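A short worksheet on the structure shown next.
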Amino acid sequence: AFTPNNDGDNDVLDVFHAYVGEFKMLIFNRWGEVIFSSDSPETLWDGTYLGQKVPPGTYTWKIVYEAEFYPERPPVELRGGVLLLR
């Protein structure tokens, strides 16, 4: 969960990573629409879509990445959900 309320604690959705090559993260709303996309694990979601705060709730995420030092390995695909609280 994270709380994007500008209090300095848990204001963005952060992805912990190490030795990641190719990277793609998508955040979806409940209708399956992509509301956030990033090609870098350093680009963090602040709980907005088109400049507007999204409502509290659970948002689905998908991350696909490749290992930096093992390019022969297939990409890893992870899926889950995150709870946004306001």
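The values are calculated or read from the model by the stated rules, or taken from the named source; none is laboratory data. Nothing here was measured: the structure is a model prediction, and the numbers come from that model. Please note: Cβ atoms are built from the backbone with ideal geometry, for glycine as well, and neighbour counts cover all protein chains shown. Side chains included, ligands, DNA and RNA excluded: accessible areas come from the protein's heavy atoms. Shrake-Rupley method; radii C 1.70, N 1.55, O 1.52, S 1.80 Å.
Figure legend. Inter-residue proximity from the range 67-85: first residues within 24 Å of Pro55 (Cα to Cα), second residues in a strand (DSSP E or B) and open to solvent by 80 Å² or more (accessible area, probe 1.4 Å), beta-carbon distance below 6 Å, spacing 6+ or different chains. Indicated pairs: Gly81/Thr58; Leu83/Thr58. Before we move on, is Val76 aliphatic (A, V, I, L, M), open to solvent by 50 Å² or more (accessible area, probe 1.4 Å) and on the phi < 0 side of the Ramachandran plot? Answer is yes for this residue. The residue list Phe16, Phe36, Phe23 contains one member that is touching a Ser or Thr at 6+ places or on another chain (Cβ under 7 Å) and either open to solvent by less than 60 Å² (accessible area, probe 1.4 Å) or part of a loop (DSSP other than H, G, I, E, B) (or both), which is Phe23. Hey, among the residues in the range 40-53 that are farther than 13 Å from Thr3 by Cβ and assigned to a loop (DSSP other than H, G, I, E, B), which one's least open to solvent (accessible area, probe 1.4 Å)? Looking at the filtered set, the residue picked out is Pro41. Can we say Asn29 is touching a Ser or Thr at 6+ places or on another chain (Cβ under 6 Å) and not β-branched (Val, Ile, Thr)? So Asn29 does not fit the description; no. Answer yes if at least one residue in the range 2-21 is among the acidic types (Asp, Glu) and modelled with pLDDT of 95 or more, and no otherwise. There is no residue in the range 2-21 that is among the acidic types (Asp, Glu) and modelled with pLDDT of 95 or more.
Can we say Asp39 is of a type in the set (D, E, K, R), under 15 Å from Asp14 (Cβ atoms) and modelled with pLDDT of 95 or more? It is false that Asp39 is of a type in the set (D, E, K, R), under 15 Å from Asp14 (Cβ atoms) and modelled with pLDDT of 95 or more.
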